[in-house]
Amino acid sequence: MSADAVNTGSRTTRLLGAAVLIGVLALILLGFFGAPEDDEQRDAVRMIFVHLPSAFGIYAAMATTAVGSVMWLWKRSRWWDIVAHSSAEIGVIFCGLTLFTGSVWGRPTWNTYWDWGDVRLVTTLILFLMLVGYLALRSAGGDENAMATRAAVVGLLAAVNVPIINRSVEWWSNRTLHQKSSLTDGNLEDLTLFTLFVGIVVWALFFVWAMIHRFRIGWLEHQLRDIDLETALIQRRAEAATESSGEESR
Amino acid sequence: MTHLGYLLVGWGVSLGCGVLYAARLVLRGRDLAARVPVEHRRWMTSDDGAGSAAESAAPDQGAGS
Amino acid sequence: MFADIWLVTNKDLRIEWRSRVTLSQVAPFALTVLVLFGFALDANPEVLTAATSGLFWLTVLFVAVVAVQRSTAIETADGARRALLLAGIEPSSVFVGKALAIAVQILGVEVLMVGGVLLFYDATVESLPLLLATCAVATLAIAASGTLLGALVAGVRARETVLPILLLPLLAPVLIAASRAFDDALGVLAVDGWAWLGLLAGFGIVNALLGMLAYGPLLEET
């Protein structure tokens, strides 16, 4: 709240956090007791309420990272650079969760944890590996501006190649276990659809909450680097001053 | 309820990951905020006003200070 | 522009020829990997035939990582990158030139590897034009994305480990598409190899364009 608060929270994040907590409770109640079971999948269908929001989260995070990367390359705006980094980190988590819940869901419904023939599964895995590479590059350290440019190029590479990867895997497998589109085929019950909607909203709120906190962490890290640089400069100047006072300079 | 084990694992890991990541973010934020002087934490100063945190964390130009 | 590209390609290839690293280390490495795959699959002729295309292109990806690392090392040593920039050559020309040099080296290794595959894996060529076209297009696509990532990791401390993590997932579509095109060319699978070639070309063009655009900013930063 106040300027001397020693954390990255604020009134907005607290409100968001409370909304997420309430939303999760509502989602558990709706998901397990509200929504009806599926004719074919029985209760296994309840996995969709955590699986699909995570998958949507990947899209949101990838889009944010791509926009942030472009804005860094275009405007050299540190703000966008931190946004790109933050959303990539959250995107990795969404991606991992999508893969995990997907395979746990796949076991009872498709009779397998993993299927190499499924387009979205394999595409998501490759995207996951790319995002891990992105974060590995980010963690390598070095000059801040150079790293921002490198990361931005990798972020764009990943975003641009997603359609190509998707297409290649689609041709490769030529068969898919996934429902064509869970949302539009009209087979879902009303309450199931509503629960799904609640899940997506909760995940979106969490995404915003995490983005704000993660952005502030990135900003603080940036400030710390600046401060370190300043103190180092001051120290160097002090050293130079004592040296030159002892002997004649120039 | 059928497939309860699968459901609990899927939901548990999803929500658990969220909680763990959230905790990590908050703790890391506290640690870093304690190390940065007040005048460098500028989005927090504007937070008492009506503007949302996202807006106050979004100056036109991030670089500089 | 073409003169500049030729200049850079020529320079890289001449350095490579003088050191003979590709010839004396990378090519034997590639053949060793092919032989080791034979051991791993217990020299089972049926499995080997079915897996030939995939193993071939997987080996090419490993070769590409080594070739890109070499090419990056040439530029980072003695601040040669700065000198190239100061010489007034367009960054996009440097990019194309270096990509072509890498492509030539990988193609050279591929020629040897095709021989190795015919010899060790008992493969037969059904469509030579498709085989050659796949090699050419896939290699250019690999070289383009490899050169871009090579420049990208040049200033990174742990670049030997970061490069494969970034490059290999990116090249996944190349592995898939080139392997299927080879399946057709070697008569292993009845697929439309030329359609896969189109996908390879699309990948190559997209990543080459991105590379030409991004190479300048990357060179300036490091």
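Computed quantities for the displayed model
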{"item": "Restricting region C:152-166 to residues that are at pLDDT below 90 and open to solvent by 10 Å² or more (accessible area, probe 1.4 Å), the residue that is farthest from the other protein chains (Cβ to nearest Cβ)", "result": "C:Glu160"}
{"item": "Sole exception among (1) open to solvent by less than 50 Å² (accessible area, probe 1.4 Å); (2) over 22 Å from A:Ser87 (Cβ atoms); (3) facing chain A (nearest Cβ under 7 Å); (4) at pLDDT below 50 for B:Met44, by number", "result": "(2)"}
{"item": "Which numbered condition A:Ala151 misses (of (1) more than 8 Å from chain C (Cβ to nearest Cβ); (2) modelled with pLDDT under 90)", "result": "(2)"}
{"item": "Test: C:Val191 is within 10 Å of chain A (Cβ to nearest Cβ), within 30 Å of C:Ala123 (Cα to Cα) and assigned to a loop (DSSP other than H, G, I, E, B)", "result": "yes"}
{"item": "Counted residues, region A:93-146 - those being in contact with a Cys (Cβ under 8 Å, 6 or more places away or on another chain) and of a type outside the set (A, V, I, L, M, F, W, C)", "result": "2"}
{"item": "Candidates A:Val92, A:Val50, A:Val67 - the one that is crowded, with 24+ Cβ neighbours inside 10 Å and of a type outside the set (S, T, N, Q)", "result": "A:Val50"}
{"item": "Among the candidates C:Leu7, C:Leu23, residue that is within 18 Å of the chain's Cα centre (by Cα) and under 30 Å from C:Glu75 (Cβ atoms)", "result": "C:Leu23"}
{"item": "Yes/no for C:Glu110 being crowded, with 18+ Cβ neighbours inside 10 Å and either within 30 Å of C:Arg157 (Cβ to Cβ) or touching a residue at least 60 places away in the same chain (Cβ under 8 Å) (or both)", "result": "no"}
{"item": "Residues satisfying the stated conditions in region A:126-139, i.e. closer than 11 Å to C:Val162 by Cβ, open to solvent by 20 Å² or more (accessible area, probe 1.4 Å) and free of Cβ contacts under 8 Å to residues at least 40 places away in the same chain", "result": "A:Ala136, A:Ser139"}
{"item": "Selected residue [open to solvent by 10 Å² or more (accessible area, probe 1.4 Å) and over 25 Å from C:Ser93 (Cα atoms)] from C:Gly202, C:Gly187", "result": "C:Gly187"}
{"item": "Test: B:Val13 is modelled with pLDDT of 90 or more and among the β-branched types (Val, Ile, Thr)", "result": "yes"}
{"item": "Residue within region A:201-214 that is over 15 Å from the mean Cα position of the chain (by Cα), touching a residue at least 40 places away in the same chain (Cβ under 8 Å) and surrounded by fewer than 20 Cβ atoms within 10 Å (Cβ to Cβ) present", "result": "yes"}
{"item": "Given (1) surrounded by 15 or more Cβ atoms within 10 Å (Cβ to Cβ); (2) within 26 Å of the chain's Cα centre (by Cα); (3) at pLDDT below 80, number of the condition A:Leu188 does not satisfy", "result": "(2)"}
{"item": "Qualifying positions in region A:106-125 - assigned to a loop (DSSP other than H, G, I, E, B) and crowded, with 17+ Cβ neighbours inside 10 Å", "result": "A:Asp115, A:Asp118"}
{"item": "Filter pass, A:Thr12 being surrounded by fewer than 20 Cβ atoms within 10 Å (Cβ to Cβ) and either within 24 Å of the chain's Cα centre (by Cα) or in a helix (DSSP H, G or I) (or both)", "result": "yes"}
{"item": "Filter pass, C:Val63 being of a type outside the set (Gly, Ala, Ser), open to solvent by less than 10 Å² (accessible area, probe 1.4 Å), touching a Phe, Trp or Tyr at 6+ places or on another chain (Cβ under 9 Å) and free of Cβ contacts under 8 Å to residues at least 60 places away in the same chain", "result": "yes"}
{"item": "Test: residue in region A:218-233 that is at pLDDT below 80, open to solvent by 30 Å² or more (accessible area, probe 1.4 Å), among the polar types (S, T, N, Q) and farther than 30 Å from C:Ala214 by Cβ", "result": "no"}
{"item": "Qualifying residue in region A:43-52 (condition: more than 26 Å from A:Leu220 (Cα to Cα) and in contact with a His (Cβ under 6 Å, 6 or more places away or on another chain))", "result": "yes"}
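For every residue, the table says whether it meets (1) without any contact (Cβ under 8 Å) to a residue 12 or more places away in the chain; (2) of a type in the set (Asp, Glu).
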{"site": "C:Arg18", "(1), (2)": "yes, no"}
{"site": "C:Val21", "(1), (2)": "no, no"}
{"site": "C:Val26", "(1), (2)": "no, no"}
{"site": "C:Leu34", "(1), (2)": "no, no"}
{"site": "C:Phe37", "(1), (2)": "no, no"}
{"site": "C:Asp42", "(1), (2)": "yes, yes"}
{"site": "C:Val47", "(1), (2)": "yes, no"}
{"site": "C:Thr52", "(1), (2)": "no, no"}
{"site": "C:Phe56", "(1), (2)": "no, no"}
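The values are calculated or read from the model by the stated rules, or taken from the named source; none is laboratory data. All figures in this text were calculated on a predicted structure; none of them were measured in a lab. Please note: Cβ atoms are built from the backbone with ideal geometry, for glycine as well, and neighbour counts cover all protein chains shown. These accessible areas exclude ligands, DNA and RNA; they are computed on the full protein's heavy atoms, side chains included. Shrake-Rupley method; radii C 1.70, N 1.55, O 1.52, S 1.80 Å.
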